[in-house]
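Notes to accompany the following structure.
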Amino acid sequence: MTTVPAAASARRPSSSALRRFLRAPSAWIGLGLMTLLVIGAVFAPQIAPQNPFDLAAIDVLDARMTPGSVSSTGDITYLLGTDGQGRDLFSAILYGLRTSLTVGVGSAVLAGIIGILLGLIAAWSGGFIDALIMRLVDLLMSLPSILIALLMLALLGKGIGNVVLTLVLLEWAYYARTARAQALVERKRDYFEAARGLGLPTSRILLRHVLPNCLPPLLVIGALQVARAITLEATLSFLGLGAPVTQPSLGLLIANGFQFMLSGEYWISFFPGLTLLTAIVAINLVGDRLREVLDPRALK
Amino acid sequence: MLGWLLQRVAQALLVIFAMSLVVFLGLHAVGNPADLLLAPDATQIDRAELVARLGLDRPLWQQYLNFASSALQGDLGRSFVYNVPAVTLILQRLPATLELAFAAMVFAVIIGVPLGLYAGLYPERVLSKLIQTGSILGFSLPTFWVGLLLIMTFSVSLGWLPASGRGETVRVFGVEWSFLTLNGLRHLLLPAINLSLFKVSLVIRLTRAGVREVLPLDYVRFARAKGLRRGRIVMMHILRNIMIPLVTVLGLELGSTIAFAVVTESIFAWPGSGKLILDSINALDRPVVMAYLLVVVTLFVIINLVVDILYRFLDPRVREEASA
């Protein structure tokens with residue numbers, strides 16, 4: 001019994017799900033774009049011809065140059081032009097993408113941990129604690145996200161750290177609701193009874209037995225929440241409530257270019273926006289495909 | 001039905017109460033309001049006097065009661081910047097926001113319903129697939145960037161429409177309105193389209209799904225068998241039946257449209273309450289920020305409550321279910 005029969009391995013849910021995931025061209029496009037953007041963001045210091053956050057490296061004389069111009073010192077070609085401070089826009093976009101992706105993924109992961117834990121606790125304990133957590137979820141999900149964001153940033157003050165906090169507050173509710181619903185289903189399964197019969201500690205049952213079985217729909221939510229977080233971070237930074245001026249995220253780059261757009265210098269806003277759009281569409285494509293594969297109800 | 005109604009109203013009041021509590025506690029957690037109101041050269045005696053006058057020496061629950069009772073009388077403090085009551089300031093700016101939000105809703109319907117209808121009636125055509133893809137894009141496009149593209153295209157390149165402000169307004173019932181003048185309408189067009197983007201996608205999807213659902217039903221097939229003209233079937237039999245869910249969802253979206261107007265107002269320099277709140281956050285004008293949040297949340301809760309109740313009364317199926 002050392003060799004695993006081929007039929008058994010094909011029936012393993014994870015491998016067949018992956019294979020089904022990759023069957024759609026949209027999944028390939030989404031994954032491809034995502035890989036490209038992640039590589040660009042991670043290796044920004046190596047790829048970018050200039051460090052856009054280093055004020056010494058920026059020459060104000062080079063401000064607002066058209067795409068393809070050569071810098072006054074002659075050593076950099078500005079592929080996508082420069083912004084109002086003379087930053088190489090291509091470099092600024094790579095670094096901005098770094099901020100945007102870090103904020104998006106970071107807040108989604110943090111919110112995921114908090115939300116899943118609270119959802120499991122709600123499902124496990126029931127009664128008052130369940131009602132309390134779920135009413136809070138209802139409240140958060142019923143109010144427009146921008147309103148909660150404005151409230152948080154007005155109370156905490158502006159800044160990227162507070163934007164992350166706000167995003168976590170906005171996102172955890174989605175995970176909590178799904179985790180709870182999923183866990184309530186899993187509670188009725190035999191393996192759950194068996195684990196309890198063995199006398200395993202509650203935390204072990206919840207984290208090692210229930211949680212893995214709840215994961216598929218939570219992964220879908222995670223992907224879509226990353227896209228949502230990136231959009232909202234960009235919006236808040238665009239409104240001047242997020243990233244600091246010296247270290248612009250994509251949203252702030254777009255905002256900075258806005259004033260020059262009226263005089264026809266479109267590229268300062270346009271290219272960061274295009275990057276943002278690509279990131280959001282790529283994540284949504286992957287998320288939608290994940291949902292089709294992991295949620296049997298979507299297949300009908 | 002009455003039980004449901006009371007429960008629903010209680011729920012709405014609870015949301016407003018929770019929000020007021022958060023706003024109040026936030027105000028106290030962030031800093032002592034006295035520090036914000038006092039001049040830098042104020043003495044200890046001035047300070048004690050102000051603290052006593054504002055009631056800041058009393059227990060927190062009593063302070064909340066004071067805050068709540070003056071809030072109910074429409075007093076949420078004075079703006080530090082403009083030195084007028086914060087509520088007055090919000091109410092002055094609110095009509096511009098409401099005008100924008102309603103215009104966006106109108107656009108969502110007149111663009112979204114025909115497109116959704118077409119995509120639902122002829123799902124195999126290329127144009128339908130394009131509409132479908134477009135609506136997915138409409139959900140993922142960041143609103144503010146689309147706003148910039150609109151300005152770039154229609155204001156800067158083509159020069160057709162103005163990019164900022166409200167234009168000429170007409171005073172009706174003591175409030176300025178843009179949509180009554182041609183110039184005002186031209187100013188309203190781009191911001192309204194920008195704000196409606198997300199709702200257009202939503203309406204397309206809802207209409208399309210509704211049509212797909214209703215088309216195979218017996219009464220539609222019967223109407224066709226009777227030999228009714230196609231246009232009449234679409235208008236009288238299909239559209240009428242998908243109107244109730246559509247109107248309900250749009251009604252529920254109105255509140256969030258008002259809230260999200262913040263973004264559009266800031267791009268198009270539309271002088272509404274959203275622009276005011278951003279300026280106030282930047283100027284640390286806390287009373288105005290708090291007044292805005294409370295007013296908009298209250299508005300939001302009331303709109304949703306009314307829509308919810310209307311939906312119950314309009315749809316006979318839901319009505320029977322509720323009374324059963």
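The values are calculated or read from the model by the stated rules, or taken from the named source; none is laboratory data. Everything quoted here is computed from the prediction, not taken from an experiment. For neighbour counting, all protein chains shown are included, and Cβ atoms are generated from backbone atoms with ideal geometry for every residue, glycine included. Accessible surface areas use protein heavy atoms only, side chains included; no ligands, DNA or RNA. Shrake-Rupley method; radii C 1.70, N 1.55, O 1.52, S 1.80 Å.
Within a 10 angstrom radius of each residue's Cβ in A:238-244, how many Cβ atoms of other chains show up on average? Whole number is fine.
Mean partner shielding for this stretch: 4.
Can you check what the net charge comes to around B:LEU278, using other residues whose Cβ is under 13 Å from the Cβ of B:LEU278 (Lys, Arg +1; Asp, Glu -1)?
0
Can you tell me how the stretch B:223-286 classifies by the Cα gyration tensor, rounded, prolate or oblate, using a/c under 1.5 as the rounded cut?
Note, shape of the stretch B:223-286 comes out prolate.
Taking square-rooted eigenvalues a ≥ b ≥ c of the alpha carbon gyration tensor, is chain B rounded, prolate or oblate, where a/c under 1.5 means rounded and, failing that, a/b exceeding b/c means prolate?
oblate
So, R0 is 30 Å and r is the distance between the beta-carbons of B:ARG171 and B:GLN73; what FRET efficiency does that work out to, to 0.05?
Approximately 0.60, to the nearest 0.05.
To the nearest 20 debye, what is the magnitude of the charge dipole of chain B about its Cα centre, counting +1 on the Cβ of each Lys and Arg and -1 on the Cβ of each Asp and Glu?
Dipole magnitude for chain B comes out near 1740 debye.
Straight-line reach from B:LYS199: which lysines fall under 27 Å, measuring Cα to Cα and dropping same-chain residues less than 8 apart?
A:LYS300, B:LYS129, B:LYS275
If I model a spin label as a point 7 Å beyond the Cα along the Cα-Cβ vector, how far apart are those points for B:ARG186 and B:THR298 in nm?
So the label points at B:ARG186 and B:THR298 sit 3.9 nm apart.
Find which of B:VAL288, B:ALA48, B:ALA10 sits farthest along the positive direction of the dipole of the protein assembly as shown, computed with +1 on the beta-carbon of Lys and Arg, -1 on that of Asp and Glu, about the Cα centre.
B:ALA10
Please identify the helices of chain B, taking whole runs of DSSP H, that span at least 24 Å along their own axis as judged from the Cα atoms and have a mean Kyte-Doolittle score of 1.6 or higher.
B:2-30, B:86-121, B:286-314
With just the Cα atoms defining each centre, how far is the stretch B:263-294 from the stretch A:176-199? Give it in Å.
Cα centroid to Cα centroid, the span is 47 Å.
Evaluate peptide A:282-293: per residue, the Cβ atoms of other protein chains within 10 Å of its Cβ; return the mean as an integer.
Going residue by residue through A:282-293 and averaging, the value is 1.
Taking 30 Å as R0, compute the FRET efficiency from the Cβ-Cβ separation of B:ASN282 and B:ASP46 and round it to 0.05.
0.60
Could you rank the peptides B:280-293, A:226-239 by their average count of other C-beta atoms within 10 Å per residue, with the highest value first?
A:226-239, B:280-293
Taking K and R as +1 and D and E as -1, what net charge do the other residues with C-beta under 14 Å from the C-beta of A:ILE254 add up to?
Net local charge, A:ILE254 excluded: -2.
Averaged over its residues, how many other protein chain Cβ atoms are within 10 Å of peptide A:256-265's Cβ atoms?
What the average comes to for A:256-265 is 3.
State, to one decimal in nm, how far the label point of A:VAL245 lies from the label point of B:LEU65, with both points 7 Å from Cα in the Cβ direction.
4.8 nm
What Rg and what Dmax come out for the stretch A:42-294 when only alpha-carbon atoms are used, in angstroms?
22.3, 76
Select from A:ALA131, A:THR82, A:TYR95 the residue farthest towards the positive end of the dipole of the stretch A:42-294; place +1 on Cβ of Lys and Arg, -1 on Cβ of Asp and Glu, and compute about the Cα centre.
It is A:ALA131.
Scan chain A and note any complete DSSP helix (H) whose C-alpha atoms cover at least 18 Å along its axis and whose Kyte-Doolittle average is 0.0 or more.
Flagged H segments are A:25-42, A:89-125, A:127-142, A:160-186, A:211-238, A:267-294.
What is the spin-label model distance, in nm, from A:SER26 to B:ASN83 if the labels are put 7 Å beyond Cα along the C-beta direction?
5.9 nm
Tell me the accessible surface of B:TYR219 in square angstrom (1.4 angstrom probe, heavy atoms of protein chains only), to the nearest ten.
80 Å²
Kindly provide the pair-distance distribution of the protein assembly as shown built from C-alpha pairs, with 10 Å bins from 0 and whole-percent values in order of increasing distance.
3, 13, 22, 26, 21, 11, 4, 1, 0
Could you work out how far the C-alpha centroid of the stretch B:219-248 sits from that of the stretch A:265-291, in angstrom?
When both Cα centres are located, 39 Å separates them.
Return the FRET efficiency for the residue pair B:VAL106, B:ASN241: r is the Cβ-Cβ distance, R0 is 22 Å, and the value is rounded to the nearest 0.05.
Rounded to the nearest 0.05, the efficiency is 0.50.
In the stretch B:223-264, whose amide N lies under 15 Å from the spot 7 Å out along Cα-to-Cβ of B:ALA209? List them in ranges.
In the stretch B:223-264, the label zone of B:ALA209 (backbone N under 15 Å from the point 7 Å along Cα→Cβ) covers B:242-253.
At a probe of 1.4 Å, how much accessible area disappears from chains A and B on forming the pair, both sides counted, to the nearest 100 Å²?
Chains A and B together bury approximately 3100 Å².
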